[in-house]
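One structure below.
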């Protein structure tokens, strides 16, 4: 897992890179090892615009945040991404847990021995 940080209209600063890397390590528990992340830090008209893109196997997650303060935008970007990744992981896990319905013996179309077809169709019937 690797985070690439790019800057636009701003000089690259190590403190932003280290803060972004620290926040990204918190997201690693939701990601597979083959995921790639790109953070674009842009400043336009006095506002910090951050765009975080994470590509995993079969999914692409994108978060864009805007704020007057760069650090606040950075924190909000990673928080929003954490919420999205958590939901995505819960959906994946829930799909695997649901699986096939359990065999309980009640959902069969077979007519028990000693009963007529009419009783199996819901009509009043008695054992033969």
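List the helices (runs of 4 or more DSSP H) inside the stretch 13-128, counting only whole elements, that have at least 3 residues being at pLDDT below 70 and out of contact with any strand residue (DSSP E or B) (no Cβ under 6 Å at 6 or more places or on another chain). Break it down into steps so the answer makes sense when it comes.
Details: elements: 14-27, 70-98, 117-120.
Here the list reads 70-98, 117-120.
Free of Cβ contacts under 8 Å to residues at least 24 places away in the same chain and more than 20 Å from the chain's Cα centre (by Cα), is that true of residue 19? Reasoning before the result, please.
On the way: free of Cβ contacts under 8 Å to residues at least 24 places away in the same chain: no; more than 20 Å from the chain's Cα centre (by Cα): yes.
No.
Residues checked against (1) more than 25 Å from the chain's Cα centre (by Cα); (2) in contact (Cβ under 8 Å) with a residue 12 or more places away in the chain; (3) exposed (fewer than 15 other Cβ atoms within 10 Å of the Cβ):
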site	(1), (2), (3)
8	yes, yes, yes
23	no, yes, no
27	no, yes, no
41	no, yes, no
46	yes, yes, yes
49	no, yes, no
64	no, yes, yes
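The values are calculated or read from the model by the stated rules, or taken from the named source; none is laboratory data. Quick caveat: nothing in here was measured; it's all calculated off a predicted structure. Every residue, glycine as well, gets a Cβ built from its backbone with ideal geometry; the counts of neighbours run over all protein chains shown.
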